[in-house]
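This report refers to the structure that appears directly beneath it.
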Amino acid sequence: MKSSILIFSGLLLLTATPNANAFSAQMYANTISAHNIGVIQHTITTNAFNSFKGSMATALGKGTPTPQTNEDPHKTYGRAPMYGTASIYGEYNDDGRAGRSGGDTLNANAALNNLWVNWYHLGDNAKFDDFSRLEMKYDTVMFGIAGGQTKMLNGLSKWGLYTGYVGGTQENKDINIDGNGGYFGIYNGNTFGNLGLFATVNGGVLNNSAETMFGSDEFTNFWLGGAIDATYDYALDSTFTLQPGAHIGYTWVRSEDYQTTSGSYLENEPMGLIEFTPHISAIKHIGNGWIGAINLKYTMLFTTGGDTNANSATIPELDFGNFTEYTLSLEKSVYNFNFSANFGRRDGARDGWIGGLNIKYLF
């Protein structure tokens, strides 16, 4: 009880001094980092699902008649479809039958389906209640592999692995948090006609250095998490599809306790972050094998736990709101390679610009 009175008295005194904001930022450094992991996890799981689904072309024209064409797919359309979608790749043989472009057929017994690499940049601002906004600049680089597809019920199923690096900074005039770490995950994808069901679990570590006017505090976050995503393809015609869906995730963040350079000993409770993100994409074959999409998401994040005990006095975790994300995507396939890029922004509790690139090799 005495230590609680002392630290709260110290906080009250600091509010009248120029050091108040720096001291507050130091107390909240771990909470800021834990919330940041929730947003990073949103990006990681979304990129994993997008890379694993195949390509935007596979969603086009499902349920519509398949017109015949005498055009050479290699010459005119690359490996993306002009009309409709085949059952797996969304392509046609030279004679118009479903299968790979150029007359190849899918090897259903292949051990691997694809390899991919993804880079994504986050350049947005974090807005917490009762705390100065922070500028966030983070990059993630992911490498993934997807196994061969197997039949399951009336659909197809495949598994994959991914690993990656994440690093960047969060800063305002009172604090600069530099974080670097890595993660590893597994995922599963299933398609049943127009319905897609996807799931992933992963874990990671983020090493942080929080710089304030008092000095530099070093601490580490560990996380375990998972997410599921469901989509449904509504073909408006053979080249235009609406794809609504929902993404649900949970991330558990455990942070180590540490002594700050201002003399406080911080004991950090684990934080649970629950994400619910409804989303919709409008996917269109633009022409000559180019596929484009407009994507809209609304991300809601809820937290449990996450309080910090400073010398036995409890400091509640910061409140964080929801944000909207809208992006433009562009994709092109050339023989066994698939290239895609997206660019957009966020508004709300996160606001700023985001974007990335993905390269995939299909076996």
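Looking only at strands (runs of 3 or more DSSP E) that fall completely inside segment 144-233, which ones have 2 or more residues that are among the polar types (S, T, N, Q)? The qualifying strands (runs of 3 or more DSSP E) are 155-171, 176-192, 195-212, 215-232. For segment 319-354, filtering for residues that are over 21 Å from L301 (Cβ atoms), out of contact with any Leu (no Cβ under 9 Å at 6 or more places or on another chain) and small (G, A, S) leaves 1.
Might you check whether a residue that is modelled with pLDDT under 50 and β-branched (V, I, T) occurs anywhere in segment 84-102? Taking every residue of segment 84-102 in turn, at least one turns out to be modelled with pLDDT under 50 and β-branched (V, I, T). Scanning segment 196-209 for residues that are free of Cβ contacts under 8 Å to residues at least 40 places away in the same chain and over 23 Å from F143 (Cβ atoms) yields a count of 2. Listed here are the strands (runs of 3 or more DSSP E) enclosed by segment 278-363 that have at least 2 residues being of a type in the set (D, E) and crowded, with 17+ Cβ neighbours inside 10 Å: 323-334. Among the residues making up segment 37-59, a single one is more than 18 Å from K297 (Cβ to Cβ) and at pLDDT 85 or above: I37.
Residue count for segment 259-273 satisfying the condition of being crowded, with 19+ Cβ neighbours inside 10 Å and part of a strand (DSSP E or B): 4.
Within segment 115-140, the set of residues being closer than 26 Å to T31 by Cβ and under 18 Å from the mean Cα position of the chain (by Cα) comprises Y120, H121, L122, G123, D124, N125, A126, M136, K137, Y138, D139, T140. Scanning segment 248-258 for residues that are in contact with a helix residue (DSSP H, G or I) (Cβ under 7 Å, 6 or more places away or on another chain) and closer than 30 Å to F214 by Cα, we see that the one that is surrounded by the most Cβ atoms within 10 Å (Cβ to Cβ) is V253.
Tell me, yes or no, whether segment 324-331 has at least one residue that is touching a Lys or Arg at 6+ places or on another chain (Cβ under 9 Å), farther than 23 Å from A57 by Cα, modelled with pLDDT of 95 or more and among the polar types (S, T, N, Q).
Within segment 324-331 (the criterion being touching a Lys or Arg at 6+ places or on another chain (Cβ under 9 Å), farther than 23 Å from A57 by Cα, modelled with pLDDT of 95 or more and among the polar types (S, T, N, Q)), the answer is yes, since at least one residue qualifies.
For segment 165-182, filtered to residues that are of a type in the set (D, E) and surrounded by fewer than 18 Cβ atoms within 10 Å (Cβ to Cβ), the residue that is modelled with the lowest pLDDT is E171.
A Cβ distance below 8 Å, combined with a sequence gap of six or more or placement on separate chains, defines the contacts here; from segment 177-188, residues that are farther than 30 Å from T212 by Cα reach residues that are of a type in the set (K, R) and assigned to a strand (DSSP E or B) in the pairs N188/K158. For segment 265-311, the set of residues classified as at positive phi and hydrophobic (A, V, I, L, M, F, W, C) is empty.
The values are calculated or read from the model by the stated rules, or taken from the named source; none is laboratory data. Remember, it's a predicted structure, so these values are computed and weren't measured experimentally. Methodologically, a virtual Cβ is constructed for each residue, glycine included, from the backbone with ideal geometry; neighbour enumeration extends over all protein chains shown.
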